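Bear in mind that the values in this text are calculations on the coordinates, not laboratory data. Here the structure is a predicted model, which is why all the values come from computation and not from measurement. Heads up, the Cβs are rebuilt from the backbone with ideal geometry, glycines too, and the neighbour counts pull from every protein chain shown.
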Amino acid sequence: MSDLAEIYKRDASDSFLGYKKLAERALEQVSDEEFFLQIDDESNSLAVIVKHIAGNQHSRWRDFLTTDGEKASRDRDQEFEITDETRETLMDYWETGWQTLFDAIEPLTEEDLEKTVTIRGEPHSVVEAINRQLTHYSYHIGQIVFLAKHLRSSEWKTLSVPRDRSAEFNQFLSDKQAAGTEKTDRLGAPEEFARLSEKG
């Protein structure tokens, strides 16, 4: 595999993993009641967003190179309803959805990246299909973080650079680079900085 193809695949996988962890760090902060809370008639609960992302993943990434990404077995509308699911069953579904994604991306070759797949009958290059899902999941994970922060209010533990601390955060990153540490996790670094700051 060429360096460029390998870099793209690794960056895509790292980005997906980073967003997964970001969502989970937000979800860890909410109670079961908050997890299922619908703040108004037009809003989705955290539980619904988790269910929708996982449902999409099970459809898009199963048999990724050989079948349409919108599987006939998928009931998308049902993803926006909570019936008898528990937090545990939804998080198990979330976990298997992400595993399906990583299992599909990991074996891709340079030749695979040049192939065409379909989503709802529309052709996409494999790179386009990956990027489509990356932007889709980041959109919904932004909703997860925003809603969890709203629900926790003053008890929220920040997952981004704390207010009025940007210069310190930049120095933190500079110090890590000077120490020769591995490439910074761009989504995890702000939380690491905040955590270290709390310890003093």
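Laid out as a table, the results:
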| read-out | value |
| --- | --- |
| Computed over segment 1-77, the ratio Rg/Rh where both radii use C-alpha atoms and Rh is Kirkwood | 1.08 |
| In sequence order, calculated HN-Hα J values of segment 171-180 (Karplus, 6.51, -1.76, 1.60; Hz; x Gly/Pro) | 5, 4, 5, 4, 5, 5, 5, 5, 7, x |
| Farthest positive-ward along segment 18-115 dipole, Cα basis, beta-carbon charges - from Ile82, Leu101, Gln29 | Leu101 |
| Structure-derived Cα extents along the principal axes in Å - corresponding label in (i) 47, 38, 34; (ii) 61, 34, 32; (iii) 53, 48, 24 | (iii) |
| Backbone HN-Hα couplings from phi across segment 92-98 [Karplus 6.51/-1.76/1.60, Hz, Gly and Pro as x] | 5, 5, 4, 5, 5, x, 5 |
| Calculated diffusion of segment 23-67, Stokes-Einstein form, Kirkwood radius summed over Cα pairs, 10 °C and 1.306 mPa s, µm²/s | 131 |
| Among Asp40, Asp68, Asp92: highest mean-square fluctuation, GNM of the chain, C-alpha pairs under 10 Å | Asp40 |
| Listed peptides 125-138, 49-62 by packing density, highest first (mean Cβ within 10 Å) | 49-62, 125-138 |
| Positive-end residue, the chain charge dipole about Cα centroid, Cβ charges, pick of Ala167, Val117, Pro190 | Ala167 |
| Charge dipole magnitude, Cβ of K and R +1, D and E -1 - the chain, Cα centre, debye nearest 20 | 580 |
| Relative contact order (%) - the chain, alpha-carbon pairs under 8 angstrom, separation at least six | 28 |
